[in-house]
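Trainee: Please read through the structure below; I'll follow up with questions.
The values are calculated or read from the model by the stated rules, or taken from the named source; none is laboratory data. If you're wondering where the values come from, they're calculated on a predicted model, not measured in any experiment. Positions of Cβ are backbone-derived with ideal geometry, glycine not excepted, and every protein chain shown enters the neighbour counts. Side chains included, ligands, DNA and RNA excluded: accessible areas come from the protein's heavy atoms. Shrake-Rupley method; radii C 1.70, N 1.55, O 1.52, S 1.80 Å.
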Amino acid sequence: MSRGARTFADKRARVLDRNARALSGVVEDWLLRVARRESRLAGARVMARGPREALRKSAWDDDVLELSSLISRYGLRQLSDAGKAAASGVDGKWLVAPEIKDEYLAALEHKVVLIVEETRAQVNDSLRSLLREALKEKPRPSTGEIARRIARQWHGPAEGRESLFSFERAALIARTELVQAENAGIAEAYTQTGVEAVEWLANTDGKSGDRHHEEMNGETITVDAMRGSDRSEWFLTPLGNRMPYPGWSGAPVKEIANCRCMIVPARVAT
């Protein structure tokens, strides 16, 4: 890797860290709003209709729209800034093409739907567990006490809050989404500015877990392969998955969650 590529990677890592911290706070605020709302609604249902009516059966469509809007604000900016920075490093000019923006937003909406569905499922699982335990108690807690337990379960002191609504989950969501935007922007910039090949740049500190992305450090493929439809020419990860670049939205969650990898131009042998 050239010195210029290393400098670019270090700078982009700092930018990504800063923006991920900002987005983490935004996502945590969203999670806590959901927690307060769900505890309030579940408690109201318990008080009005009894413990067995606490579960929420309605769709969370508004939550999908809100979270998509919050993340896309940061993600589109990350995609654009990363692409401009990558293009300037190879003396090129670059703007976000409409199809790239649409592709990013479609992938983001799909992932946000999964995040919201997971949140809804865990809210209901948590409620079922709390109600099941309460209804087993002798003497049985009052309806008011059950409502108070629901309120305490999802918000309050940070150390007592369930991981479902924690800052750690918000940080995981934020970094995962911004890494995808970062590398999508860089990949498109390299495509438009004539870079011939890309190199997978991974941290080698052993913190990538079971996916062992440190083993990917220095692997290269051509840009034509990266942008092509033949997946056999893409990067092959230690988990056995094919990816055109790190953070690719089509990869399994275990490959992209909290990933810190990126791509840089690779030297082409002559």
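Trainee: Which count do you get for residues in region 8-26 that are surrounded by 20 or more Cβ atoms within 10 Å (Cβ to Cβ) and out of contact with any Leu (no Cβ under 7 Å at 6 or more places or on another chain)?
Mentor: Residues meeting the conditions: 3.
Trainee: Residues that are at pLDDT below 85 and assigned to a loop (DSSP other than H, G, I, E, B): does region 163-177 have at least one?
Mentor: yes
Trainee: Within region 51-82, which residues are over 30 Å from residue 10 (Cα atoms), modelled with pLDDT of 85 or more and either in contact with a helix residue (DSSP H, G or I) (Cβ under 8 Å, 6 or more places away or on another chain) or surrounded by 14 or more Cβ atoms within 10 Å (Cβ to Cβ) (or both)?
Mentor: Hits for region 51-82 are 63, 64, 66.
Trainee: If you don't mind, there's one more thing I want to ask. So residue 178 fits all but one of (1) over 20 Å from residue 102 (Cβ atoms); (2) in contact (Cβ under 8 Å) with a residue 60 or more places away in the chain; what number is the exception?
Mentor: Only one criterion is unmet by residue 178, namely (1).
Trainee: Considering only residues that are without any contact (Cβ under 8 Å) to a residue 40 or more places away in the chain, over 12 Å from residue 147 (Cβ atoms) and among the hydrophobic types (A, V, I, L, M, F, W, C), which ones fall in region 40-65?
Mentor: 59, 65
Trainee: Considering each residue of region 178-208, count those that are assigned to a helix (DSSP H, G or I) and either farther than 24 Å from residue 108 by Cβ or in contact with a His (Cβ under 9 Å, 6 or more places away or on another chain) (or both), and give that number.
Mentor: Step one: of region 178-208, the residues assigned to a helix (DSSP H, G or I) are 178-192.
Among the residues that remain, those that are also either farther than 24 Å from residue 108 by Cβ or in contact with a His (Cβ under 9 Å, 6 or more places away or on another chain) (or both) are: none.
Of the residues in that region, 0 qualify.
Trainee: Residue 250: within 21 Å of residue 90 (Cβ to Cβ), part of a loop (DSSP other than H, G, I, E, B) and in contact (Cβ under 8 Å) with a residue 12 or more places away in the chain, yes or no?
Mentor: The answer is no for residue 250.
Trainee: Sticking with this one: Given the criterion among the small types (Gly, Ala, Ser) and open to solvent by 60 Å² or more (accessible area, probe 1.4 Å), identify the matching residue among 48, 85, 5, 97.
Mentor: Values: 85 fails: open to solvent by 60 Å² or more (accessible area, probe 1.4 Å); 5 fails: open to solvent by 60 Å² or more (accessible area, probe 1.4 Å); 97 fails: open to solvent by 60 Å² or more (accessible area, probe 1.4 Å).
One residue alone meets the criteria, 48.
Trainee: From the set of residues in region 83-107 that are touching a Ser or Thr at 6+ places or on another chain (Cβ under 7 Å) and hydrophobic (A, V, I, L, M, F, W, C), which is modelled with the lowest pLDDT?
Mentor: 90
Trainee: Moving on to the next point. Considering only residues that are more than 14 Å from the chain's Cα centre (by Cα) and of a type in the set (Val, Ile, Thr), which ones fall in region 65-108?
Mentor: Hits for region 65-108 are 90, 96, 100.
Trainee: Answer yes or no as to whether residue 250 is open to solvent by less than 40 Å² (accessible area, probe 1.4 Å) and not hydrophobic (A, V, I, L, M, F, W, C).
Mentor: So residue 250 does not fit the description; no.
Trainee: Can you name every residue in region 213-247 that is small (Gly, Ala, Ser), on the phi < 0 side of the Ramachandran plot and surrounded by 17 or more Cβ atoms within 10 Å (Cβ to Cβ)?
Mentor: Correct list: 225 only.
Trainee: Something else: Do you know which of the residues in region 27-39 that are open to solvent by 20 Å² or more (accessible area, probe 1.4 Å) and in contact (Cβ under 8 Å) with a residue 60 or more places away in the chain is farthest from the chain's Cα centre (by Cα)?
Mentor: Applying the first criterion (open to solvent by 20 Å² or more (accessible area, probe 1.4 Å)) to region 27-39 yields 28-29, 32-33, 36-37.
Pick out the ones that are also in contact (Cβ under 8 Å) with a residue 60 or more places away in the chain and you get 28, 32, 36.
Numbers: 28: 13, 32: 17, 36: 23 Å.
Across region 27-39, the extreme among qualifying residues is 36.
Trainee: Checking the condition in a helix (DSSP H, G or I) and within 30 Å of residue 136 (Cα to Cα), which residue from 5, 35, 13, 20 passes?
Mentor: On inspection, the qualifying residue turns out to be 35.
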